[in-house]
1. Look through segment A:98-112, keep the residues that are more than 13 Å from the chain's Cα centre (by Cα) and not aliphatic (A, V, I, L, M), and return whichever of them is modelled with the highest pLDDT.
2. Is there any pair with a first residue in segment A:99-112 that is free of Cβ contacts under 8 Å to residues at least 60 places away in the same chain and a second that is among the hydrophobic types (A, V, I, L, M, F, W, C) whose Cβ atoms are under 7 Å apart and which are 6 or more apart or on different chains, and what are they?
3. Here's a check for you: in segment A:97-112, which residue that is within 9 Å of another protein chain (Cβ to nearest Cβ) and not in a strand (DSSP E or B) is surrounded by the most Cβ atoms within 10 Å (Cβ to Cβ)?
4. May I ask you to verify whether A:Asn41 is under 16 Å from A:Phe67 (Cβ atoms), of a type outside the set (Gly, Ala, Ser) and surrounded by fewer than 19 Cβ atoms within 10 Å (Cβ to Cβ)?
5. Within segment B:1-43, how many residues turn out to be in contact with a Phe, Trp or Tyr (Cβ under 9 Å, 6 or more places away or on another chain) and among the aromatic types (Phe, Trp, Tyr)?
6. Only one of (1) modelled with pLDDT under 95; (2) crowded, with 21+ Cβ neighbours inside 10 Å; (3) not small (Gly, Ala, Ser) is not met by B:Gln54, so which one is it?
7. Restricting to segment A:46-68, and then to whatever is within 14 Å of another protein chain (Cβ to nearest Cβ) and exposed (fewer than 15 other Cβ atoms within 10 Å of the Cβ), can you tell me which residue is nearest to A:Asp85 (Cα to Cα)?
8. Scan segment A:10-20 and tell me whether some residue there is hydrophobic (A, V, I, L, M, F, W, C) and either within 14 Å of chain B (Cβ to nearest Cβ) or in a helix (DSSP H, G or I) (or both).
Amino acid sequence: AQSVTQLGSHVSVSEGALVLLRCNYSSSVPPYLFWYVQYPNQGLQLLLKYTSAATLVKGINGFEAEFKKSETSFHLTKPSAHMSDAAEYFCALKAAGNKLTFGGGTRVLVKP
Amino acid sequence: KAGVTQTPRYLIKTRGQQVTLSCSPISGHRSVSWYQQTPGQGLQFLFEYFSETQRNKGNFPGRFSGRQFSNSRSEMNVSTLELGDSALYLCASSSGTGGLNFEAFFGQGTRLTVV
């Protein structure tokens, strides 16, 4: 069975500070991993994806994530938070088929 | 190119009624998946359709059903609505071929409120 755990349902950061969102996964097969962002009353927008190529993945809006198989982790980072980064972020795993398994989400608050 | 279109955006229904939601995928995409998003349960997979066939199904009761048409547009239906069915229903479109190029593109969702 596959599962995704996001540590911390809420994260508060100051504008300009590092954003770190944690994601751990469990999968019986090599996973594809994704980070999505959701703004209020909107759908999900893909930030970045890992599909077994480079372990450090760069995405849109300055975000990046590193796949660490030994730690079964795929943490999302951004060096400097911007007010527009305030949103909810979801880590997701795709094993077989096109089904995505999502973590519980982390809501990011950016303080001026 | 146009994104994933879900209609309607908002819907209010009464318990016991049924509802149909629609999703038009990105042109050329043959796979459509549906997800339910609630504050308590988060994002949960409902089902996936590929070339008019249900290819995968989540753990939801039989009141939840779907179909896909030859033009890849998909509908999902919920019968005998319950208060707990209030949620944001998201549709995701992908090429369906999987592999390293897999990406799922989401619509803006349909917000269903059951009263």
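1. The residue in question is A:Lys111.
2. A:Lys99/B:Phe45
3. That would be A:Gly103.
4. No: the conditions fail for A:Asn41.
5. Of the residues in segment B:1-43, 2 are in contact with a Phe, Trp or Tyr (Cβ under 9 Å, 6 or more places away or on another chain) and among the aromatic types (Phe, Trp, Tyr).
6. In the conditions (1) modelled with pLDDT under 95; (2) crowded, with 21+ Cβ neighbours inside 10 Å; (3) not small (Gly, Ala, Ser), B:Gln54 misses (2) alone.
7. Here the residue is A:Ile60.
8. Here is the first cut: in segment A:10-20, the residues hydrophobic (A, V, I, L, M, F, W, C) are A:11, A:13, A:17-20.
Next, only the ones that are either within 14 Å of chain B (Cβ to nearest Cβ) or in a helix (DSSP H, G or I) (or both) stay: none.
No, segment A:10-20 contains no residue that is hydrophobic (A, V, I, L, M, F, W, C) and either within 14 Å of chain B (Cβ to nearest Cβ) or in a helix (DSSP H, G or I) (or both).
The values are calculated or read from the model by the stated rules, or taken from the named source; none is laboratory data. In this text, all values refer to a predicted model and were calculated from it rather than measured experimentally. Here the Cβ is made from the backbone with ideal geometry for all residues, glycine too, and neighbour counts use every protein chain on show.
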